[in-house]
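A.B. asks: So that we are looking at the same thing, I have put the structure below in C-alpha cells.
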C-alpha cells in the first residue's frame, strides 16, 4: 500500500515562500497541507500615520512583480477617498501601464516558472542552450512589456510617474509610435507562444468552484467595474468585505477567505470565466485554439488563460496607443484636494482581484488601511484542489505526485511576497 | 571553472531579484560567464557550493538570523541587493510602533494572545547581522549597477558606489529642482547612481539609495531654510527607506 512522505520545503519557481506537505499511510491520506511560512511585514501598520503621497509610494513595495497593480489600486483607493475626478487621458494611460504589467507577469510565469515543468528542466536557464529560440523569445517579450511599463510608469518595478489624480510625466507621441510598432511585431512571438503551449499536455483535473473577478459593462475589466461571481452575480466594490470574508484563525493565525462555497478562485481563469465575451476576437480565437472554454474548472488551465489574456492585452494596448496618438497627448497637472474620508480601490492584479481600503483624516494622513491580496484569496482553493487531487493519483509514485502538486500550485502563480498579512494554512 | 552565484530572498518584495530576470541579452551573456546555482524564485536546483551570494530583502524574523549566518559562512563574497538588504528599507517602518500594536492593526484584537506565534523582530539590514562585502542600494536596485558589480568581481576589480549626491546626476539630466516645484527632495544628501530617475519622472527623491558618506547637511539645511522647511520635515521623509538609521542611534 502507498506510503507518502512529501515535504517540498520552499517550493521553487513561485514568488515568495510556500511548503507542500502530504503524508499517507497504507494508502490513506493523513495530511495534505499548503503551508505559507512567509515573514510578516505589517504593511498596513507601516502605512498608518503616513501622508497619502507616501502611502501610495509604500504600497507598490508590497510586491516587486505586481508593483503596478498595488500602485494603481493604492492610487485609486486614495482618489475614491478624496473624490478626485480623472481625465480620459489618465484612464487610457493607466490601462496601458496596467497592460504592461499583466503581459510582463504572464510571460514571466508562462516561460520562467511554468514551461520548465512541461519541458522537463529545472528552470529557464538550461533552455538558453537546449531551446535558445524559446529562451530568447521569453526574454524579448518580457523586455517589451518592461519597456512599455518604463515608458508610461517611469519604471516597471515600483513605478513613479503614476500619481494620485494622473501622471507626473507624460510620454511623447514619437515614443508611443515606436511602442505601437514593437507591439504589432510581437504578435509573431505570441503566436509562437500559443504553439508552444499547444504542444504541452496540460493535466486533466477538474473541481468545481466559485470564480470571482472584476466586471465592467464596457470592457474586459482590469482597473474598473464591480465584483462579479460565477455563483452570485455582481456586487459593488464598496461591499468587498462581504465577498472576501477575510478572518484570522486564532490557533494558526491564518487569514482565510471564502464566499459562497468552501473556497473561491481569483486570477486569469476567474477573469476568463466571468468575462469571456468581452475578450478581443483574437483572444477568443486563441482560447478556441487552446481548447479553453468558459466555465472551465481545471486549475491547470490557468496557464492557458494567461496566454489568452496576453493576446488580449497586446491587442488592447494597440487600441489604446492608437487612440492616444490620434487625440494627441495633452499636458495636464492633476489637481488633488485632500479631505477626510474612506476610499476603496479594486484592480485585477495578474494573479487576481486586489483591494486596498484606506481611511484618511482631513490632512490626508492615513488612519486605517486594509489590503486584501489575490494569493490570499486563492489559498483555500489551492488547499481544496490538493485535497481532491491527491486521492485521485495516490497510486502513482511519490515523485509523480509531488510533481503534479508542484505544478498545481505553480499554475496559480502564487505571489506570496504580497503577504500583507501573515498567511499560514495548516490542516491536520 | 565559472564562478558560482546564488540568490537568496529574505523579507521583501523580491523586486530586486526580478530586476536580475529583467535583463534581455545581458542575461544570456552573464550565463556564459557564471553559473547560477541557487535562485529559488526562478530555478528548481538548489546548489550549496556557491562563492558569491546575493541577498534580496532584509532581516525581520528570528529564524532569518541563522539562515543568513549559514550563507555568510559559505559565501566568499556577500552582496546586499536593494534598500531592504542594504539600508533596512521600508520594512523598518514597523520599528516605529510597538509590535503588539502592529499585530492588532493587521490581524485584529485577538492576535496579541498569540504573539508567541509571530516570529518577528525589529527589521534591520543584512550588515546588522553579518559582515557584507558589497551593497547595491536602491528600491529597486539599479540592475545596470548590479551588472557593473558582477563585471568588477569577474575581473577581480574593486567595485565602488558613487559618493556624490543625486543632485549631481539631476543637474546633468537638466531637471527643474524639485524644491523649486515646492516639494521636499532628499537628493542633496542621497547617494547617486540612479540617474535621478524619480526627479526625471516629475517626482522627488525619497532617499532609497541611502546617505552619501559625508552628507553636506549644512547645505541641505540651507536649502530647507530657503524653502521654509525644517530638519524635522526632512527626517520624516527620510524614514521611509532609512528608518533603521534613526532607530539604531
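A.B. asks: Sorted from fewest to most neighbouring beta carbons within 10 Å, what does the list A:366, A:151, B:245, A:241 look like?
C.D. replies: On the way: A:366 23, A:151 20, B:245 17, A:241 13.
Ascending Cβ contact count within 10 Å gives the list A:241, B:245, A:151, A:366.
A.B. asks: Compute the relative contact order of the stretch A:11-55 as a whole-number percentage, counting only Cα pairs closer than 8 Å that sit 6 or more residues apart in sequence.
C.D. replies: Relative contact order of the stretch A:11-55: 28 percent.
A.B. asks: Sticking with this structure for a sec: Relative to the longest principal axis of chain A, what angle (0 to 90°, nearest 10) does the C-alpha long axis of helix A:173-185 take?
C.D. replies: Roughly 30 degrees between the two axes.
A.B. asks: Run the paramagnetic zone check for residue B:25: 7 angstrom along Cα to Cβ, then residues of the stretch A:100-144 with backbone nitrogen under 18 Å.
C.D. replies: A:128-129, A:132-144
A.B. asks: So, R0 is 60 Å and r is the distance between the beta-carbons of residue A:285 and residue B:104; what FRET efficiency does that work out to, to 0.05? Each step should come with its number before you reach the end.
C.D. replies: Details: r = 52 Å, r/R0 = 0.86.
After rounding, the FRET efficiency stands at 0.70.
A.B. asks: Please work out whether chain B counts as rounded, prolate or oblate from its C-alpha gyration tensor, where a ≥ b ≥ c are the square roots of the eigenvalues and a/c under 1.5 means rounded, while otherwise a/b larger than b/c means prolate and anything else oblate?
C.D. replies: oblate
A.B. asks: What's the FRET efficiency of residue B:128 with residue B:222 using the Cβ-Cβ distance as r and R₀ = 35 Å, to the nearest 0.05? It would help to have the intermediate numbers written out before the result.
C.D. replies: Values: r = 32 Å, r/R0 = 0.92.
Given R0 = 35 Å and the Cβ-Cβ separation, E is 0.60.
A.B. asks: If each residue of separation counts as 0.36 nm, what is the full-extension length gain between residue A:204 and residue A:8 once their alpha-carbon separation is subtracted?
C.D. replies: Stretched fully, the residue A:204-residue A:8 segment lengthens by 68.3 nm.
A.B. asks: With the cut-off at 1.5 for a/c, could you classify the protein assembly as shown from its C-alpha gyration tensor as rounded, prolate or oblate?
C.D. replies: It is rounded, given that a/c, with a ≥ b ≥ c, falls under 1.5.
A.B. asks: Still on this structure, please answer the following. What is the Å³ per residue value for the convex hull set by the Cα atoms of the stretch A:248-349?
C.D. replies: 185 Å³
A.B. asks: Right, here's the next one. Alpha carbon centre of the stretch A:308-345 versus the stretch B:152-200: separation in Å?
C.D. replies: One Cα centre to the other: 30 Å.
A.B. asks: Which whole-number percentage describes the relative contact order of chain A, with Cα contacts under 8 Å and a sequence gap of 6 or more?
C.D. replies: For chain A, the relative contact order is 27 percent.
A.B. asks: Okay, next question. Report the paramagnetic label zone for residue A:297: residues of the stretch A:203-237 whose backbone N is under 11 Å from a point 7 Å from Cα along the Cα-to-Cβ axis.
C.D. replies: A:206-210
A.B. asks: Using only helices, what value at 222 nm comes out for the protein assembly as shown when you add -39,500 (n - 2.57) per DSSP H run of length 4 or more and divide by the total residues, to the nearest 500 deg cm²/dmol? If you can, show how the numbers build up before the last one.
C.D. replies: Working: 25 runs with 279 residues, N = 677.
Taken over the protein assembly as shown, the calculation gives -12500 deg cm²/dmol.
A.B. asks: Whole number please: convex hull volume per residue, Cα atoms of the stretch A:1-134, in Å³.
C.D. replies: Convex hull of Cα atoms, per residue: 170 Å³.
A.B. asks: Compute a Gaussian network model of chain A, connecting alpha carbons closer than 10 Å, and tell me which residue from A:401, A:344, A:68 fluctuates the most.
C.D. replies: A:401
A.B. asks: With a Cα-only, solvent-free Debye model of the stretch B:196-249, what are the log10 I(q)/I(0) values at q = 0.16 Å⁻¹?
C.D. replies: -0.55
A.B. asks: Indicate the gyration tensor shape class of the stretch A:162-305 (rounded, prolate or oblate), computed on the Cα atoms with a ≥ b ≥ c the square roots of the eigenvalues: a/c under 1.5 is rounded; otherwise a/b larger than b/c is prolate and the rest oblate.
C.D. replies: Oblate, since a/c reaches 1.5 and b/c is not below a/b.
A.B. asks: With the contact rule set at Cα under 8 Å and sequence spacing of 6 or more, what percent relative contact order holds for the stretch B:3-97?
C.D. replies: 34 percent
A.B. asks: Going by how many other Cβ atoms sit within 10 Å of their own, how do A:193, A:12 line up, fewest first? Please report the intermediate quantities before stating the final value.
C.D. replies: On the way: A:193 25, A:12 21.
Arranged by neighbour count, lowest to highest, A:193, A:12 become A:12, A:193.
A.B. asks: Right, another one. Would you list A:57, A:34 from fewest to most Cβ contacts within 10 Å?
C.D. replies: A:57, A:34
A.B. asks: While we're here: From the C-alpha coordinates alone, can you work out the Kirkwood hydrodynamic radius of the stretch B:1-75, in Å?
C.D. replies: 13.1 Å is the Kirkwood radius here.
A.B. asks: Mind telling me which of B:190, B:44, B:120 comes out most flexible in a GNM of chain B, alpha-carbon contacts under 10 Å?
C.D. replies: Comparing B:190, B:44, B:120 in a Gaussian network model of chain B, the most mobile one is B:44.
A.B. asks: Could you work out how far helix A:398-411 tilts from the main Cα principal axis of chain A, as a 0 to 90 degree angle to the nearest 10?
C.D. replies: On a 0 to 90 degree scale, this one is about 10.
A.B. asks: Go ahead and run the numbers for FRET between residue B:34 and residue B:72, Cβ-Cβ distance against an R0 of 22 Å, rounding to 0.05.
C.D. replies: Using R0 = 22 Å, I get an efficiency of 0.65.
A.B. asks: Specify the residue with the greatest mean-square fluctuation among B:62, B:17, B:29, computed from a Gaussian network of chain B linking alpha-carbon atoms under 10 Å apart.
C.D. replies: In this elastic network of chain B, the residue with the biggest mean-square fluctuation among B:62, B:17, B:29 is B:29.
A.B. asks: How many angstrom lie between the C-alpha centres of the stretch A:62-139 and the stretch A:158-190?
C.D. replies: One Cα centre to the other: 14 Å.
A.B. asks: Give me the angle, in degrees from 0 to 90, between the Cα long axis of helix A:374-392 and the longest principal axis of the Cα atoms of chain A, rounded to the nearest 10.
C.D. replies: 20 degrees
Taken together, the values in this text are just the output of simple stated rules run on the coordinates, not laboratory data. Bear in mind the structure is a predicted one, so any value in this text is a computation, not a measurement. Reconstructed Cβ throughout: ideal geometry from the backbone, glycine too, with neighbour counts over all protein chains shown.
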